[in-house]
1. Just going by the charge dipole of the chain, with Lys and Arg at +1 and Asp and Glu at -1 on Cβ, which of LEU27, LEU6, ALA186 is farthest out on the positive end?
2. Using just the C-alpha positions of the range 92-132 as equal point scatterers, what log10 of I(q)/I(0) does the Debye formula give at each q in 0.16, 0.31, 0.34 1/Å?
3. Report the FRET efficiency, 1/(1 + (r/R0)^6), for ASN183 and SER120, where r is their Cβ-Cβ distance and R0 is 25 Å, rounded to 0.05.
4. Note the listed values (1) 18.0; (2) 23.9; (3) 17.4, then indicate which one is Kirkwood radius over Cα pairs in Å calculated from this particular structure.
5. Just want to confirm a number: the relative contact order over the range 10-138, from Cα pairs under 8 angstrom separated by 6+ residues, in percent.
6. Provide the FRET efficiency to the nearest 0.05 for the ARG47-GLU171 pair, computing r from the beta carbons and using R0 = 35 Å.
7. Charges only on Cβ, +1 for Lys and Arg, -1 for Asp and Glu: so what's the dipole of the chain about the Cα centre, in debye to the nearest 20?
8. Rounded to the nearest 0.05, what FRET efficiency do GLU147 and VAL3 give with R0 = 22 Å and r taken as the Cβ-Cβ distance? Could you check?
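We did not get these values from a lab; they are worked out from the coordinates using the rules stated. Treat the numbers as computed from the prediction; the structure is a model and nothing was measured. Please note: Cβ atoms are built from the backbone with ideal geometry, for glycine as well, and neighbour counts cover all protein chains shown.
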Amino acid sequence: SGVPRLITVAMMRDGAKLQSYLTLARLLDRCRNEDWTLSIIGDGPCRAEVAAAFAGLPEGRIIWRGQLDREAIQAELGRHDIFLWPGIGEAYGLVYLEAQAAGLPVVAFDSGGVAETVRSGETALLAPEHDEEALAAALTDLLRDNERRDRMGAAARRFILTERTPARAAERLAEGLALAKRNRSAKVQ
């Protein structure tokens with residue numbers, strides 16, 4: 001209950017991470033008339049640029065948490081409602097898995113390997129990469145619909161507990177190795 005609490009976790013470094021932070025600030029500016037707060041966990045050499053990007057947002061909306069250890073991050077994830085990270089150029093994005101394990105729905109761009117870490121429409125709302133208007137619309141929809149947030153958060157936790165376990169990863173690896181072996185055998189003949 002109360003104002004939806006958004007959270008993001010990312011290093012503040014040049015390149016795709018900085019571009020994601022700049023995008024995040026613009027996205028939240030588009031959503032300034034909605035109720036939300038954002039906790040930012042992370043630090044790094046681009047901290048000043050990141051802080052400057054968020055400076056124009058209404059006071060009290062951004063909570064700077066700095067760099068935290070793994071246990072503190074997991075505790076923070078559990079106190080929030082939505083994981084929000086554009087993820088420009090993300091490879092696989094373990095942070096999306098960690099957020100879902102905490103029962104958070106994800107809002108992100110459909111970039112790189114992000115779609116491999118979530119179930120679009122079920123545990124996450126994904127927008128085409130760089131489509132800030134679509135990402136803002138997805139976030140707004142989730143901010144306004146408590147029941148959907150709760151459903152997606154519960155689905156996210158189930159997804160992690162059933163599909164992203166070490167046992168499931170071992171099954172997929174075994175399937176891949178068996179396929180490689182069959183392909184190798186077919187080439188040898």
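1. ALA186
2. Computed log10 I(q)/I(0) values: -0.33, -1.12, -1.26.
3. 0.25
4. Calculated Kirkwood radius over Cα pairs in Å: the matching label is (3).
5. Working: 202 pairs, mean separation 29.0, N = 129.
Dividing the mean separation by the residue count of the range 10-138 yields 22 percent.
6. 0.25
7. On the way: 25 positive and 27 negative charges, 159 e Å.
The dipole magnitude comes to about 760 debye.
8. Working: r = 17 Å, r/R0 = 0.76.
That gives a FRET efficiency of 0.85.
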